[in-house]
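The values are calculated or read from the model by the stated rules, or taken from the named source; none is laboratory data. Computed from a predicted structure; not experimentally measured. Positions of Cβ are generated from backbone atoms using ideal geometry, with glycine treated the same way; all protein chains shown enter the neighbour counts. We work out accessible area using only protein heavy atoms, side chains counted, and drop any ligands, DNA or RNA first. Shrake-Rupley method; radii C 1.70, N 1.55, O 1.52, S 1.80 Å.
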Amino acid sequence: MATDTAETTTDGQDRSVSHYLSNHLRDYGMVLALIAIMAFFQFTTDGTLLRPVNITNLFLQNSYIIIMALGMLLVIVAGHIDLSVGSVVGFVGALAAVMMVQWGWSIYLTVPACLLVGILIGAAQGYWIAYWKIPSFIVTLAGMLVFRGASLWLLEGQSVGPFPREFQALSTGFIPDLLPFIKDLFGVERMNGFAVVTGIVIAGLIIWMGLRSRARNRAYGMVAEPMVFFVVRNLLVAGAIVFVSYKLATFRGLPNVLITMGILTIVYAFLTESTTLGRRIYALGGNEKAAKLSGIRTERLTFLTFVNMGMLAALAGLIFAARLNTATPKAGVSFELDVIAAVFIGGASMSGGVGKIIGAVVGAFIMGVMNNGMSIMGIGIDYQQVIKGLVLLAAVIFDVYNKNKQS
Amino acid sequence: MRSITKTFPGVKALNAVSITVMEGEIHALVGENGAGKSTLMKVLSGVYPAGSYEGEIHYDGKLAEFSGISQSEAQGIIIIHQELALVPLLSIAENLFIGNECASYGVVNWHETFQRTEALLRKVGLSESPGTLVDRIGVGKQQLVEIAKALSKDVRLLILDEPTSALSEKDSQKLLDLLLELKAQGVTSIIISHKLNEVRSIADRVTVIRDGATISTLEAKGEEITEDRIIRDMVGRDMAQRFPERASHPGKVLMEVRNWNAWHPEHTERQVIRDACLTVREGEVVGIAGLMGSGRTELAMSIFGRSYGRRISGEVLIDGAPVDVSTVDRAIASGLAYVTEDRKKLGLVLDETIQRNITLANLPKVSSYGVISEAQEIRVAEGYRAAINIRTPGVFQRVVNLSGGNQQKVVLSKWLFADPKVLILDEPTRGIDVGAKYEIYGIINKLVADGKGVLMISSELPELLGMCDRIYVMNEGALVGELTAAEASQERIMSFIVRS
């Protein structure tokens, strides 16, 4: 019986702080990295990075990557990969263009139809992966070629556009100021009151939810985050949200796509953290055989993650096409790599079972800010690629190092 | 080999074992599962290098200190493991010379390779083309390929670990004949086997090992080798108070399995389970005894949602009514639970917390409309932590950090939470220490006291004898005997196995 005392015990405050830190180093490290990168570019671009117009641009530029990263996180947590998403973006954009421009369909018909096509594409690939056990790498590599070719065929090698204004609004539209009296109240000339209020409300909500979960964790004896960390982290996050919303307010307000992205992020974070479905995906990726022997229908679950990925890739395709206001055969080329890189920078594990939605989103922002900052600085595309590659490698090395140190 | 002692963390696998093997003899090594036979042979062949054990090995009269397999092989000691070490998608010829290719400057001479392969295959009596892929030939022939591989390395001492356990009668006989032939050519063999009739037919001497110690060495000539004598030596150990007391009151039949059949998933011609019929009553612990590879795990897994095998046929009844156990979730819904023998690979999601592992098989019970109530989940996990004494500061520990005993308790909690009527426990105490074992026996007793049925698979006969109301004996996929607690003894179980 004496051999059973090997379990880690957390005795003493000091030990629990350092223990907590070492367990959550990854989470903090990533956020700190994002802040450091932003600070760096803010400095090197003489403040251009955080100008209202550029912040707006950052969201517009990265929205489709983030939306796909949400789905890719599930795919990677389930222990798979999807290489076809870039081609699906191109294909769905092309399809939407053909539907609206050549066939004259309304956007209210086009958007659901395109999402449905995305779902079918996901189902077609997921079927082979889940039920035939064909490696996802192979199936989606095939999909990557197939849908790239299909979009070329659809567009007959041409660019098709422009789109109706309503469709463009999907990406480049803004929420109008629903609370115009606020700017009068403060006597500011250009400020979207709704954006500011939304930012403040969300920041408040985050702090409130943080406090609530902290109280709950304490009640159940979970290792609680040290108070200092909690306060600093929440102030930073809340401050950042208020700051960004204020900046956006002084430009044109909240972009539609930011709302779409924000809602999706919340939905998927909830899905992964609080539902049986999410829990089962983690179990599937963590140990497929054990999950199966626990009564989880692993095949169906794998299938569904690909269906979901297909749908999100289609949505991203629509948003991307709307942003460019034209569908080109080259649309979406190598997007899959940005998406996958974002998920891995966000801390997901190649072997499955590990990864968080919020991590993937932060990972996508890290990539996005670097892209944006380096472009503003006028760094050539050659160096940009090298630097991005090294950042990805460094993030994963950091993960592995951390894991080895823990065990 | 003189007074070999080998310790693993927490376990003394070999305790001053000595064994002498004469040149040119066939020496059989027998003992129960876990007695230390394979460990001893791994010491001899350098798998465990010199320095990792105590004691001395003398080979050809000289002290031998092998630092690895390549050194022992250079001296002509070749070991063939129970799990064959062939690469299935390479040809026979490639397998024979793997790591030892007929090549000059890294360029393989295929002509010579094939010629030498043909010669070797003739020697072992295998008529296959050298280019045949190994996974195209049966296990019996694969065994011969292994021996041919040993011959290619100029073998002097051949060690075979349960060479016939996966072979049919005919293939076994062929293999034994080959061993006798090799003996005539001067090759010494050590054969580990559970099949006493084989041992008697070919061995010159037999050494019995039990609990990591040599019990006896018997001579064939003096007619010393009788099965009864060997069995007595194999199992004769005292049964102290290792099992908690339990009053046994079996009730009505809870689960019944009728005419269960299953075939091997890859070697489709091999029938793994043959017409198994068994019953488990309320409040009863039923054991399944048998050797490794006898089909016990396969039986359990094929019943539990067809998790093993093909062409499964048969019926499962719970409370007298046939139930659908064709998928795992249906089997769970019917009231079955299966605690796997391999908890790390099949039982746990190691990177997840205790809490998440415990609720995995019954998530709906801690959620509403698909949303998990973490509060409820923690209450459940904490409840089991206290009730069955999982020693950990909290249920947020990842299970990878727990000891074997605590991990096993997490797996048990998971299945208790799924609220089954019948629990199938596959080697529930493998690899955990004595104290934790006792606790797990206590949990089992409490379960049956609550009217559940337990079907327990174990390789440790004393455990089955100490815990079970009834024991089925399984051999080569069939249930070959059934003993009540009063009738059962290690000798009777062993004799069912070795004589069936």
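Quick notes
- Segment B:388-423 - residue that is modelled with pLDDT of 90 or more and surrounded by fewer than 20 Cβ atoms within 10 Å (Cβ to Cβ) and, of those, nearest to the other protein chains (Cβ to nearest Cβ): B:Asp419
- Looking across segment B:334-358, the residues that are assigned to a helix (DSSP H, G or I), at the interface with another protein chain (Cβ under 8 Å from one of its Cβ atoms) and of a type outside the set (D, E, K, R) come down to B:Leu346, B:Gly347.
- Test: residue in segment A:112-129 that is of a type in the set (A, V, I, L, M, F, W, C) and outside any helix (DSSP H, G or I): no
- Selected residue [touching a residue at least 12 places away in the same chain (Cβ under 8 Å) and open to solvent by less than 30 Å² (accessible area, probe 1.4 Å)] from A:Val354, A:Val343, A:Val333: A:Val343
- Answer residue from segment A:212-232, given it is more than 14 Å from chain B (Cβ to nearest Cβ) and free of Cβ contacts under 8 Å to residues at least 24 places away in the same chain and is surrounded by the most Cβ atoms within 10 Å (Cβ to Cβ) among those: A:Phe230
- Scanning segment B:412-457 for residues that are closer than 19 Å to B:Ala13 by Cβ and among the polar types (S, T, N, Q) yields a total of 1.
- Going through (1) assigned to a helix (DSSP H, G or I); (2) under 26 Å from B:Gly394 (Cα atoms); (3) modelled with pLDDT under 90 one by one, B:Glu491 falls short only on (2).
- Any hit, segment A:217-238, residues being modelled with pLDDT of 85 or more and within 29 Å of A:Phe320 (Cβ to Cβ): yes
- Hits in segment B:179-198 - residues which are of a type outside the set (D, E, K, R) and crowded, with 19+ Cβ neighbours inside 10 Å: B:Leu179, B:Leu182, B:Val187, B:Thr188, B:Ser189, B:Ile190, B:Ile191, B:Ile192, B:Ser193, B:His194, B:Leu196
- Search result, residues across segment B:315-329 that are open to solvent by 20 Å² or more (accessible area, probe 1.4 Å), farther than 15 Å from B:Asp419 by Cβ and within 12 Å of chain A (Cβ to nearest Cβ): B:Thr327
- Among all positions in segment A:292-302, there is at least one residue which is touching a strand residue (DSSP E or B) at 6+ places or on another chain (Cβ under 8 Å) and within 14 Å of chain B (Cβ to nearest Cβ).
- Condition check for A:Ala94: assigned to a helix (DSSP H, G or I) and open to solvent by 10 Å² or more (accessible area, probe 1.4 Å): no
- The single residue among B:Glu282, B:Glu269 that is without any contact (Cβ under 8 Å) to a residue 24 or more places away in the chain, farther than 20 Å from B:Leu346 by Cα, more than 14 Å from chain A (Cβ to nearest Cβ) and not aliphatic (A, V, I, L, M) turns out to be B:Glu269.
- The set of residues in segment A:105-143 being buried (at least 21 other Cβ atoms within 10 Å of the Cβ) and not β-branched (Val, Ile, Thr) consists of A:Cys114, A:Gly118, A:Gly122, A:Gln125, A:Gly126, A:Ala130, A:Ser136, A:Gly143.
- Residue in segment A:277-285 that is within 30 Å of A:Ala195 (Cβ to Cβ), within 14 Å of chain B (Cβ to nearest Cβ), open to solvent by less than 60 Å² (accessible area, probe 1.4 Å) and of a type in the set (A, V, I, L, M, F, W, C) present: no
- A:Arg280 being among the charged types (D, E, K, R) and at pLDDT below 90: no
- Count of segment B:231-261 residues which are over 26 Å from the mean Cα position of the chain (by Cα), at pLDDT 85 or above, of a type outside the set (Lys, Arg) and loosely packed, with under 15 Cβ neighbours inside 10 Å: 1
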